[in-house]
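Colleague: Questions regarding the structure given below will be posed in turn.
The values are calculated or read from the model by the stated rules, or taken from the named source; none is laboratory data. Note that the coordinates shown come from a computational prediction; the quantities given were computed from them, not determined experimentally. Cβ sites come from the backbone with ideal geometry, for glycine too, and all protein chains shown count toward neighbours. Note: accessible area is taken over every heavy atom of the protein model, side chains too, but ligands, DNA and RNA are not part of it. Shrake-Rupley method; radii C 1.70, N 1.55, O 1.52, S 1.80 Å.
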Amino acid sequence: MAPDPGAAASPQRLEHLPVTFFAVVMGLGGLALAWLRAADVLGAPSAVGVVLFWVATTVYAAILVAYLLKLVRHPAAVRAEIAHPVRIAFVPTVSIGLLLLAAAGRAVVPGVATALWWVGAAAQLVLTLAVINAWIQRPVFAMVHVSPAWFIPVVGNLVVPLAGASLAPAEVSW
């Protein structure tokens, strides 16, 4: 029996899993949030928003587990991503995804949403500061590397008060 060529390549696939995959959760979480809001305002069926929330949560969990495995098995690949002038801007999508899940989860699982928000808000602060520090401190980043993706870490901070206004003290969201 001939060996499966795909089986040998499988461990290397994990090495190439990009942090940008967390942006998928941003899209799904935002869609769930929009649909749940449409249910409140326009009378759209809220079940669709609830299903979208659980799909987004499942996708986030799957990507997180895979990326944590990448971190354990291929730490050099993770460091290379963090050193990359464009991909570094996507690192905060990890926390932004959590914040969007918290915002959408307020109506579905309020207790879990609160926990997600606190973890997401703390992670957003740390990751935004780390990315901005890298931009300032690393001489390899030049104007030629500037792209619209550089807005992600900074604009992601606007997501914090989106759910934080109802899940935490207003001063924390500030």
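Colleague: For the structure I just gave you, tell me whether residue 78 is over 16 Å from residue 133 (Cα atoms), among the aliphatic types (A, V, I, L, M) and open to solvent by 50 Å² or more (accessible area, probe 1.4 Å).
Modeller: No.
Colleague: Then there's this: Is it the case that region 41-48 has a residue that's open to solvent by 20 Å² or more (accessible area, probe 1.4 Å), in contact (Cβ under 8 Å) with a residue 60 or more places away in the chain and either touching a Lys or Arg at 6+ places or on another chain (Cβ under 8 Å) or of a type in the set (D, E, K, R) (or both)?
Modeller: No: region 41-48 contains no residue that is open to solvent by 20 Å² or more (accessible area, probe 1.4 Å), in contact (Cβ under 8 Å) with a residue 60 or more places away in the chain and either touching a Lys or Arg at 6+ places or on another chain (Cβ under 8 Å) or of a type in the set (D, E, K, R) (or both).
Colleague: Among the residues of region 129-174, what is the count of those that are under 27 Å from residue 81 (Cβ atoms) and of a type in the set (Gly, Ala, Ser)?
Modeller: Result for region 129-174: 6.
Colleague: When region 60-102 is examined, which residues are found to be free of Cβ contacts under 8 Å to residues at least 40 places away in the same chain and of a type in the set (D, E, K, R)?
Modeller: Within region 60-102, just 79 meets the criteria.
Colleague: Here are some conditions: (1) open to solvent by 60 Å² or more (accessible area, probe 1.4 Å); (2) within 16 Å of residue 95 (Cβ to Cβ); (3) among the hydroxyl-bearing types (Ser, Thr, Tyr). Residue 20 meets all but one. Which one does it not meet?
Modeller: (1)
Colleague: Considering only region 74-91, state which residues are over 17 Å from the mean Cα position of the chain (by Cα), farther than 22 Å from residue 146 by Cβ and among the aliphatic types (A, V, I, L, M).
Modeller: Residues satisfying the conditions are 76, 77.
Colleague: Here's another thing I want to ask about it. Where in region 103-174 are there helices (runs of 4 or more DSSP H), lying wholly inside it, with at least 1 residues that are open to solvent by 50 Å² or more (accessible area, probe 1.4 Å) and within 14 Å of residue 93 (Cβ to Cβ)?
Modeller: Hits in region 103-174: 110-137, 151-155.
Colleague: Can you name the condition, by its number, that residue 71 falls short on among (1) crowded, with 16+ Cβ neighbours inside 10 Å; (2) under 18 Å from residue 14 (Cβ atoms); (3) over 13 Å from the mean Cα position of the chain (by Cα)?
Modeller: With respect to (1) crowded, with 16+ Cβ neighbours inside 10 Å; (2) under 18 Å from residue 14 (Cβ atoms); (3) over 13 Å from the mean Cα position of the chain (by Cα), residue 71 is out only on (1).
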